[in-house]
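Asker: After the structure tokens below, expect a handful of questions from me.
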Amino acid sequence: MNTQAVRAIYRFEMSRTARTILQSIVSPVISTALYFVVFGTAMGSHMGRTGGVSYGAFIVPGLVMMSLLTQSISNASLGIYMPKFMGTIYEVLSAPVSPFEIVCGYVGAAASKAMILGIIILGTARLFVPFEILHPVWMIAFLMLTTLTFSLFGFIIGIWADSFEKLSIVPSLIVTPLTFLGGSFYSINLLPPLWRKITLFNPIVYLINGFRWSFYDAADIAVGTSLALTLVFMAICLGVISWIFKTGYRLKR
């Protein structure tokens, strides 16, 4: 494995975060902090306990997951799209670097950025909402698995997109609505039976509930199911990326 090439891609992508720290870190943290203020502190004080914990604590895993999903996709899609847009993708493809090493560099950097952001948001949440993490090892595992999986998904979007507008279509029109409807702000057990069955077709539900279980040892869906479906989605993303490099689909366009 060409570790030097992986490190070069990784460092380049991570350095872009330092140059755009207001957009990459500060803006998402402030946006999420506003959710904690409005829903966790202001509204949460007038609501009962949800899922065995206060409402403010209940929404913490959902809000962190919402930021992780959007930022993982955004970082990975923009990271691979910019070389295509600037024409430097030809240098990467002609270099003695395997597809696996290219993916490791770009996806690894995107996942690292999202992980850092998720940890900062968790620290920020402590300022507004008291909460505890009963399974910290599993929490970190879900954090890493989610950022890695959706960075792979973002990598696919970045290759598929042929304009900056298309980069935002999937996150804004699909992922964000599914996150809001996936139990970020409520327990799906509160829904009528029909809507609960429909909600179970939303893949984000399983991510949020698996992550919430690591905090409070309680969730609407079994943690094993959440973990299994996340791994299945990761395997699908890996299969699509493998197909892309085998066929050259939109790599040079």
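Asker: Residues of the range 51-74 being modelled with pLDDT of 75 or more and not hydrophobic (A, V, I, L, M, F, W, C), which ones? Full working, then the answer.
Answerer: Initial filter on the range 51-74 (modelled with pLDDT of 75 or more): 52-74.
Result: GLY52, SER54, TYR55, GLY56, PRO61, GLY62, SER67, THR70, GLN71, SER72, SER74.
Asker: Check SER74 against each of (1) closer than 19 Å to ARG11 by Cα; (2) surrounded by 19 or more Cβ atoms within 10 Å (Cβ to Cβ); (3) more than 12 Å from the chain's Cα centre (by Cα); (4) of a type outside the set (Asp, Glu) and name the one condition it does not meet.
Answerer: For SER74, the failing item is (3).
Asker: Shifting gears a bit: Going by the structure shown, is LEU93 closer than 20 Å to SER172 by Cα and assigned to a helix (DSSP H, G or I)?
Answerer: On the way: closer than 20 Å to SER172 by Cα: no; assigned to a helix (DSSP H, G or I): yes.
Here the answer is no, as LEU93 does not meet what is asked.
Asker: Another question, then. Out of the residues in the range 77-109 that are over 13 Å from LEU152 (Cβ atoms) and among the polar types (S, T, N, Q), which is surrounded by the most Cβ atoms within 10 Å (Cβ to Cβ)?
Answerer: Ranking the candidates gives SER98 first.
Asker: Another question, if that's okay. Among the residues of the range 120-167, write down those that are without any contact (Cβ under 8 Å) to a residue 24 or more places away in the chain and either surrounded by 18 or more Cβ atoms within 10 Å (Cβ to Cβ) or basic (Lys, Arg) (or both).
Answerer: The answer is ARG126, LYS166.
Asker: Continuing with the same structure: I need the full set of residues from the range 212-247 which are crowded, with 19+ Cβ neighbours inside 10 Å, assigned to a helix (DSSP H, G or I) and more than 20 Å from the chain's Cα centre (by Cα), in order please.
Answerer: TYR216
Asker: Filter the range 167-189 down to residues that are out of contact with any Phe, Trp or Tyr (no Cβ under 7 Å at 6 or more places or on another chain) and assigned to a helix (DSSP H, G or I), then give me how many there are.
Answerer: So in the range 167-189, the residues out of contact with any Phe, Trp or Tyr (no Cβ under 7 Å at 6 or more places or on another chain) come out as 168-184, 186-189.
Subset that is assigned to a helix (DSSP H, G or I): 168-180, 188-189.
Within the range 167-189, residues that are out of contact with any Phe, Trp or Tyr (no Cβ under 7 Å at 6 or more places or on another chain) and assigned to a helix (DSSP H, G or I) number 15.
Asker: Another question, if that's okay. When you scan the range 183-201, how many residues do you find that are under 15 Å from the mean Cα position of the chain (by Cα) and either more than 18 Å from ALA57 (Cβ to Cβ) or not small (Gly, Ala, Ser) (or both)? Outline the logic, then answer.
Answerer: First, the residues of the range 183-201 that are under 15 Å from the mean Cα position of the chain (by Cα): 184.
Subsequent filtering for residues that are either more than 18 Å from ALA57 (Cβ to Cβ) or not small (Gly, Ala, Ser) (or both) retains none.
Number satisfying all stated conditions: 0.
The values are calculated or read from the model by the stated rules, or taken from the named source; none is laboratory data. Quick caveat, the model's predicted, so the values are computed rather than measured. Positions of Cβ are generated from backbone atoms using ideal geometry, with glycine treated the same way; all protein chains shown enter the neighbour counts.
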